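> Can you keep this structure in mind? I'll have questions shortly.
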Amino acid sequence: MLLQMMLEALGYSCDIANHGRDALVAFEKQSYDLILMDVEMPDMDGIEASRAVRLNVGHQDAPQIVAVTAHVLTGSRERFLAAGMNDFVAKPIIIDELRAALIRAHEAKLRYQRTTMV
């Protein structure tokens, strides 16, 4: 998978889920700091899976969820945010845009940790 190769080239490891239900099962077995959620998946799409993740975790344990999508029409970003996603990366994925999204996710997680420690 191209996304997996990009992540590995950036120094990350990842688990792969083929559809939303697989992603939820993986998330129940271990915690993740970040989920790259494909919006268009069979069985359960990324929007439904993101909502389920948000319902099943406390805010402090919540991962950053980045939508991976070809849907970048007006209103798409708002729809992703309403589903509990934090950001998105457009397909076809450009490695510099992926890197920027990973940095934003990391910075958001750090900001949250600092505000909860005060």
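> Listed residues Ala62, Ala17, Ala9; which is surrounded by fewer than 17 Cβ atoms within 10 Å (Cβ to Cβ) and among the small types (Gly, Ala, Ser)?
Going through Ala62, Ala17, Ala9 in turn, just one is surrounded by fewer than 17 Cβ atoms within 10 Å (Cβ to Cβ) and among the small types (Gly, Ala, Ser): Ala9.
> Sticking with this one: Exactly one of (1) modelled with pLDDT under 90; (2) not in a helix (DSSP H, G or I) is unmet by Arg77. Its number?
All conditions pass for Arg77, except number (2).
The values are calculated or read from the model by the stated rules, or taken from the named source; none is laboratory data. The structure presented is a predicted model; accordingly, all values stated were derived computationally and were not measured. Heads up, the Cβs are rebuilt from the backbone with ideal geometry, glycines too, and the neighbour counts pull from every protein chain shown.
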